[in-house]
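Undergrad: Here it is, the structure in full.
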Amino acid sequence: MRRIKKVLALLAVLLLALPCSAPAESAGAPERPAPILCTYYRQAGWGDSVQVGYVDTEGGLWLLTGNDSDLRWLQGEAEQLEYLRSYSGFTRVEQLGSDALFDLKSLVLSVTAQEGQAQSAADDAGIEASYAIRYDRDDHATSVLLGVSGDAVYENTTPDAQALYAWLRAAFPQVTSYAGKPFMGPAGFTPVSLRSFCGLDGVDLAGVKISGGVTDCEVGFLPLDLTAQDEQEILDLITNGMVTGKANATMVTGGTKVFHLEDRAGNWLCDIELYEGLLVRSDGMYYLK
């Protein structure tokens, strides 16, 4: 099924490149597509190390590691974005497929900034920071901080930000991070029961009525004849399922299974919508376990 973005109007904007001049050490180097995600680690106290990974608008994953005294990683985010676009020493380490890139861009478009600043944490562990980058119609870049770990700690606790931060950890294992370590890094998305996630805590599910159907992008909703076993499987999912994090911020035009729950009196309790094993919500899709 064709996916559509919740913020489709910004899709073309995200694909625009950020105009910027090249750092002095790489003057004349060709510019690559604009970055949409960046994660870096810098140790300039008890060491001399820098590790930088970023993702561009076309799904390229780029990596740079070495001595900070040689690479001269910059401090401000505007200067860092210029560096990412222009410095010739980056190595492409992976190319994302179209589906994976689509999901990733949906999260970048949807992620929101949170108030708060990084707080002091460890000593001499170095600093890791990760952020998402968006572009407006005039090609101006806006960054959203996702997390900081090491000598300082900060976590954007929105599900989109937590998903992007976790994705960067998996995509760039070469970039040192203290994620998940107490007092040193973001804790990440806390798994929550599907029952609680859907607002069913304390609701008596005995005798619940379940109906279901499949959404079709052309026909609409097609009812299904559920067997007793089907209904029990849905109840088991609600009782035992866990939501473990956000997968994307996209919607689909069809192909989802929707299960409608009512109590004995016919009062609506909730709808459970699933797409290829993911839980569909108004803000995107979530992983289920």
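Only the coordinates and a few stated rules stand behind these numbers; no lab work does. For clarity, every value in this text was computed on a predicted model and none was experimentally measured. Positions of Cβ are generated from backbone atoms using ideal geometry, with glycine treated the same way; all protein chains shown enter the neighbour counts.
Undergrad: For the chain, with the dipole built from +1 on Lys and Arg beta-carbon atoms and -1 on Asp and Glu ones, taken about the Cα centre, which of Met251, Leu288, Gly199 lies farthest toward the positive end?
TA: Toward the positive end, the furthest listed residue is Met251.
Undergrad: Next question, about the same structure. In what order do Glu115, Glu77 fall by count of nearby beta-carbon atoms within 10 Å, going from fewest to most? Don't skip to the answer; put the middle values down first.
TA: Numbers: Glu115 5, Glu77 16.
Result, fewest neighbours first: Glu115, Glu77.
Undergrad: In square nanometres, what is one fourth of the surface area of the convex hull spanned by the alpha carbons of the chain?
TA: Taking the Cα atoms of the chain, their convex hull projects to 17.4 nm² on average.
Undergrad: Express in nm, to one decimal, how much length is gained between Val219 and Asp48 on full extension, taking 0.36 nm for each residue of separation and deducting their alpha carbon distance.
TA: Working: separation 171, 0.36 × 171 = 61.56 nm, distance 6.13 nm.
Working it through step by step, the gained length comes to 55.4 nm.
Undergrad: Which FRET efficiency value, to the nearest 0.05, do you get for Leu205 and Ala100 by plugging their Cβ-Cβ distance into 1/(1 + (r/R0)^6) with R0 = 30 Å?
TA: On the way: r = 36 Å, r/R0 = 1.21.
The formula returns an efficiency of 0.25 here.
Undergrad: Let me ask something else. So for the stretch 144-204, Kirkwood radius off the Cα pairs, Stokes-Einstein at 25 °C and 0.890 mPa s: how many µm² s⁻¹?
TA: For the chosen part, D equals 191 µm²/s.
Undergrad: If I take R0 = 45 Å and measure r between the Cβ atoms of Ser193 and Glu58 in this structure, what FRET efficiency does the formula 1/(1 + (r/R0)^6) give, to the nearest 0.05? Walk me through the intermediate numbers first.
TA: Working: r = 39 Å, r/R0 = 0.86.
The pair Ser193/Glu58 has a calculated efficiency of 0.70.
Undergrad: Give, in nm to one decimal, the length gained when the segment between Asp123 and Lys289 is fully stretched (0.36 nm per residue of separation minus the Cα-Cα distance).
TA: 56.0 nm
Undergrad: How far, in nm, would the chain grow between Lys257 and Ser88 when pulled straight, counting 0.36 nm per residue and subtracting the alpha carbon separation? Working shown, then result.
TA: Numbers: separation 169, 0.36 × 169 = 60.84 nm, distance 4.78 nm.
Extra length available between Lys257 and Ser88 comes to 56.1 nm.
Undergrad: For the chain, what is the calculated [θ] at 222 nm in deg cm²/dmol (nearest 500), taking -39500 (n - 2.57) for each run of four or more DSSP H residues and dividing by its residue count?
TA: -6000 deg cm²/dmol
Undergrad: Could you give the distance between the Cα centres of the stretch 218-289 and the stretch 27-78, to the whole Å?
TA: Measuring centre to centre over Cα atoms gives 41 Å.
Undergrad: At a Förster radius of 41 Å, what calculated FRET efficiency corresponds to the Cβ-Cβ distance of Leu235 and Asp68, to the nearest 0.05?
TA: 0.15
Undergrad: Something else about it: So what's Rg/Rh here for the stretch 192-288, counting alpha carbon atoms and using the Kirkwood radius for Rh?
TA: 0.95
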